[in-house]
Amino acid sequence: MAVAVIFPKLDEAMKSGRVVKWLKNEGDRVEKGETILEIESEKTSFELEAEASGILSNVTAKEGDEVPIGTTIAYILQPGEEAPQAAAPPAAKEKEAEVRPAAETPAEKPKEEAKPSGEIKVSPLARNIAREHNVDLAQVAGTGPGGRITKEDVLSYIEKSKAAQPAPPPAAAAPKPAEGEEVVRLSTMREVIARRMTESFQTPHFYLTIEADAGELQAVRQKLLPAIEEQTGIRVTLTDLIIKIVASALEKNQDLNCSYVDGSVRMITRIDIGLVTSVEGGLMVPVIKDANKKSISEITRARAGVVQKARERTLSREEMSGSTFTVSNLGMYDIDQFSAIIQPPEAAILAVGRIADKVVARAGQMVIRPMMNLTLSIDHRVLDGALGARFLQTVKTYIEDPVSLIL
């Protein structure tokens, strides 16, 4: 039986990926579980394994091609077997469905409501198309029974309107690089980062910043260092503590653990924290699953594991998808404060700055304390300032009194 080789979806936001290298040639024998292809998304590279044994045939995607997810790019056949005929692409199927919707098949004509005199007669499908393209139906001549406007009438009107519009001026040729300059094509990762960040910034962001005294947080880390390093072989970082604090704060402020979906709010019960990670050529966001249920040592081990995999581009789909809230920490680069862009479909992201000594007032006295800034970026479609402020107050409380996490 023919088995399709389908271009996989590696994460929730992925729409396409790039074929890096075929490890088997068309006509080669492959075994089930054998790696046959290397592919790349904006987040990771991935080795695709054969789902059956047989002959690799009908390869349609070449190395370097950008391929939409779900596309059949080859078949694995048995000797003498032929690949099935390619199914109509989704666009063609949709077009076919539009041409002959179920409600207008010869077997069942739609029942038309009695129309007041002078009212435009139009099929439901034609009305929907006209609405999508801002077409005034009064300007469209109907060719259906009794002058009824059909889908074809609306499409014909749209095409004629486009033809009547002046042609756009030709695009200016890209200027040649000057001496000492070089034009380098963006990698797949940077192309997708550029597209996704542009899309994300259409979200109505607003920002809240709070300052916290990190003295106790630093002291707790120093106390935990030997014990956690003995348990895990890994040094606990301030980022690990921040992940634990954020996850615990989300438990108390569950409204922030949500996403905007098609005009509604999706409330999420699990707490999976994404961590923005710098890798060669861009950024990746590995995920610490169920961070609220993990101990500090478990978070330390999980963070070290996924960050290493991110930098090696070996993250699994599970390890780079499903985050409900994201943390971006640039404190290690001496950044005092910054505003991060929300990672769709999440509703918020926390930007963490460095810890720096500052002169502050304490009990009427001027003292030097290690202070840090935290900035929360919020999707204003689903969240308001008061909700974000309460979340930041909780985070600040845990930073200044880390013992309260245990109690």
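The values are calculated or read from the model by the stated rules, or taken from the named source; none is laboratory data. These numbers come from a predicted model, not from an experiment. Positions of Cβ are generated from backbone atoms using ideal geometry, with glycine treated the same way; all protein chains shown enter the neighbour counts.
Numbers below:
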read-out: Hey, Thr232 modelled with pLDDT of 95 or more and hydroxyl-bearing (Ser, Thr, Tyr) or not; value: no
read-out: Residue under evaluation Val352, criteria (1) at pLDDT 90 or above; (2) out of contact with any strand residue (DSSP E or B) (no Cβ under 7 Å at 6 or more places or on another chain), criterion not met; value: (2)
read-out: Near pairs, Cβ below 9 angstrom, 6+ apart or cross-chain, from segment 247-259 (farther than 11 Å from Gly388 by Cα and in the same structural domain as Ala348 (by TED's automatic domain parsing)) to any residue that is of a type in the set (Lys, Arg) and assigned to a helix (DSSP H, G or I); value: Ala247/Lys293; Lys252/Arg390
read-out: Test: residue in segment 43-51 that is hydroxyl-bearing (Ser, Thr, Tyr), touching a Gly at 6+ places or on another chain (Cβ under 7 Å), modelled with pLDDT under 85 and under 18 Å from Thr314 (Cα atoms); value: no
read-out: Residue list for segment 156-182, filter: modelled with pLDDT under 70 and over 30 Å from His133 (Cα atoms); value: Ala173, Ala174
read-out: Residue match in segment 295-314 (condition: hydrophobic (A, V, I, L, M, F, W, C) and within 17 Å of Phe391 (Cβ to Cβ)); value: no
read-out: Failed item in (1) at pLDDT 85 or above; (2) outside any loop (DSSP other than H, G, I, E, B), with Lys93 passing the rest; value: (1)
read-out: Criterion: surrounded by 14 or more Cβ atoms within 10 Å (Cβ to Cβ) and modelled with pLDDT of 50 or more - qualifying residue of Ala138, Ala130; value: Ala130
read-out: Strands (runs of 3 or more DSSP E) (entirely within segment 296-399) containing at least 1 residues that are free of Cβ contacts under 8 Å to residues at least 40 places away in the same chain and surrounded by fewer than 20 Cβ atoms within 10 Å (Cβ to Cβ); value: 348-362, 365-379
read-out: Answer from Lys32, Lys24, Lys62, Lys9 - the residue that is at pLDDT below 85, outside the structural domain of Thr314 (by TED's automatic domain parsing) and farther than 20 Å from Val279 by Cα; value: Lys9
read-out: Checklist (1) closer than 12 Å to Phe325 by Cα; (2) in contact (Cβ under 8 Å) with a residue 24 or more places away in the chain applied to Asp290, failing item; value: (2)
read-out: Meets criteria (in the same structural domain as Leu383 (by TED's automatic domain parsing) and either outside any helix (DSSP H, G or I) or within 20 Å of Ile399 (Cα to Cα) (or both)) for Val236; value: yes
read-out: Qualifying residue in segment 73-84 (condition: within 30 Å of Val307 (Cβ to Cβ) and either among the charged types (D, E, K, R) or within 32 Å of the chain's Cα centre (by Cα) (or both)); value: no
